[in-house]
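This report refers to the structure that appears directly beneath it.
The values are calculated or read from the model by the stated rules, or taken from the named source; none is laboratory data. For clarity, every value in this text was computed on a predicted model and none was experimentally measured. Here the Cβ positions follow ideal geometry from the backbone for every residue, glycine too, while neighbour counts run over all protein chains shown. For the accessible areas, the whole protein counts, side chains as well, though only heavy atoms, and no ligand, DNA or RNA atoms are used. Shrake-Rupley method; radii C 1.70, N 1.55, O 1.52, S 1.80 Å.
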Amino acid sequence: MTEQDSIQTSFAATAVTDTVVRQYSRPQTPYQVLRLLPKDATPAQQDSAVQAWLKPVEIRYSEQPDTLHLPGEEIPRDLKTVNLPLFYRENYFSNDTLYHEELKAGGSGVAGDPVPNTINNDDVLTGLLILCFLFIAFALSRISGFIAKQLKDFFYIQRGEHTITETGNEMKFQMVFIGMTCLVYGLLYYLYATNYVADTFTLSSDYAILGIFVGAFAIYFVIRFLLYHIVNTIFFDSKKNKKFLTSLLFLSAMEGAALFPVVLLLAYLHFPAVYAIYYCAIVLILVKILTFYKSYIIFFKQNAGFLQIFLYFCALEMVPLFALLGGLAGIVDIFKIKF
């Protein structure tokens, strides 16, 4: 070997060594890049150095099919191909607009106000009114003669004992009439409270507040009859007391029958509320006047006690009535929703 060949071989070996050193001394991680920088290098300088040394490399996947699989097995499925079964792609909610955001859901416009709960669209109250109507028609066909005798006896001034004797069926019909009177008064006060005092109540059902109103009127009639019976038993004889209680029972029974038409007018014919209030006030005043008249004829006409009749009437008739009105106002105030 000549000296020139020896020099060229030595130079080639040195070049290869420098290439290998550069290749293995090139930083492969950010940590190695940061170690080459001085300790006082700023974060911006560190970031620039990392970006300069480490270039992102694009990953290119092979387009050739994978033939490396077990003998006897099928060719593996391509992971890029997604084919879900039918029961995954379609289900019960597949066509629902709420299941697909790309589909238009709902209609345009503003939602309307809900239909208020009234008697004419309430099945339970309508059924009660139909039963009351059928009962009135049936009772008038069965005890019409008894009602005519009661009216005649009511305005006829008798001298002697009470001439009308009530059978068991007639007493039952009158008691049912009084129950209907409580129901009618409860419905009327319920309509008044919901239209002029409060729309909603704290109770979950409207039937509950209606039942409370009907129960309040039932308690009023029971207390009223008990007060009359106790006071009349103390100050008057039993014959006069029986005659007055018979007349009072008949008046209370006919009071509900007289108020029943106005409930039907309010519920189904949109009768003006002002006229309904006038009608109820006239019926109530007329009943109180007839009660005053009957108590005067039976108890105070012979005694000429003008002052006593007013005290008697106010204590046994007006005081329970005002107590009932105050109790109903308190019930509404307790159960109404206060904003």
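At a glance:
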{"item": "Subset of segment 191-207 [surrounded by fewer than 21 Cβ atoms within 10 Å (Cβ to Cβ) and either aromatic (Phe, Trp, Tyr) or assigned to a helix (DSSP H, G or I) (or both)]", "result": "LEU191, TYR192, THR194, ASN195, TYR196, PHE201, ASP206, TYR207"}
{"item": "Set ALA13, ALA41: member being open to solvent by less than 70 Å² (accessible area, probe 1.4 Å), out of contact with any helix residue (DSSP H, G or I) (no Cβ under 8 Å at 6 or more places or on another chain) and either at pLDDT 85 or above or in a helix (DSSP H, G or I) (or both)", "result": "ALA13"}
{"item": "Positions within segment 208-221 being under 24 Å from LEU265 (Cβ atoms) and either open to solvent by 60 Å² or more (accessible area, probe 1.4 Å) or among the β-branched types (Val, Ile, Thr) (or both), in sequence order", "result": "ILE209, VAL214"}
{"item": "Some residue of segment 54-70 being at pLDDT 70 or above and open to solvent by less than 70 Å² (accessible area, probe 1.4 Å)", "result": "yes"}
{"item": "Residues of segment 239-276 that turn out to be under 14 Å from LEU187 (Cβ atoms) and surrounded by fewer than 17 Cβ atoms within 10 Å (Cβ to Cβ), as a count", "result": "6"}
{"item": "PHE260 vs. criteria in a helix (DSSP H, G or I) and free of Cβ contacts under 8 Å to residues at least 60 places away in the same chain", "result": "no"}
{"item": "Residue selected from segment 277-306 under the condition assigned to a helix (DSSP H, G or I) and among the charged types (D, E, K, R), by the criterion least open to solvent (accessible area, probe 1.4 Å)", "result": "LYS294"}
{"item": "Leading residue by the ranking (nearest to the chain's Cα centre (by Cα)) among those in segment 166-190 that are surrounded by fewer than 20 Cβ atoms within 10 Å (Cβ to Cβ) and polar (S, T, N, Q)", "result": "ASN169"}
{"item": "Inter-residue pairs, beta-carbon under 6 Å, first farther than 26 Å from TYR278 by Cα and in segment 188-208, second of a type in the set (Lys, Arg) and open to solvent by 40 Å² or more (accessible area, probe 1.4 Å), 6+ apart", "result": "PHE201/LYS336"}
{"item": "Pair list, Cβ < 8 Å and 6+ apart or interchain, from segment 130-150 residues that are within 11 Å of ALA257 (Cβ to Cβ) and open to solvent by 60 Å² or more (accessible area, probe 1.4 Å) to residues that are modelled with pLDDT under 85 and assigned to a helix (DSSP H, G or I)", "result": "LEU140/ILE147"}
{"item": "Residue that is modelled with the highest pLDDT, among those in segment 149-185 that are aromatic (Phe, Trp, Tyr) and over 21 Å from ARG224 (Cβ atoms)", "result": "PHE155"}
{"item": "Test: LEU227 is within 29 Å of the chain's Cα centre (by Cα), touching a residue at least 60 places away in the same chain (Cβ under 8 Å) and open to solvent by 20 Å² or more (accessible area, probe 1.4 Å)", "result": "no"}
{"item": "Residue match in segment 327-338 (condition: charged (D, E, K, R), in contact (Cβ under 8 Å) with a residue 60 or more places away in the chain and more than 25 Å from PHE177 (Cα to Cα))", "result": "yes"}
{"item": "Among the candidates VAL319, VAL283, residue that is touching a Leu at 6+ places or on another chain (Cβ under 7 Å) and among the β-branched types (Val, Ile, Thr)", "result": "VAL283"}
{"item": "From PHE146, PHE133, PHE138, residue being hydrophobic (A, V, I, L, M, F, W, C), modelled with pLDDT under 80 and not in a loop (DSSP other than H, G, I, E, B)", "result": "PHE146"}
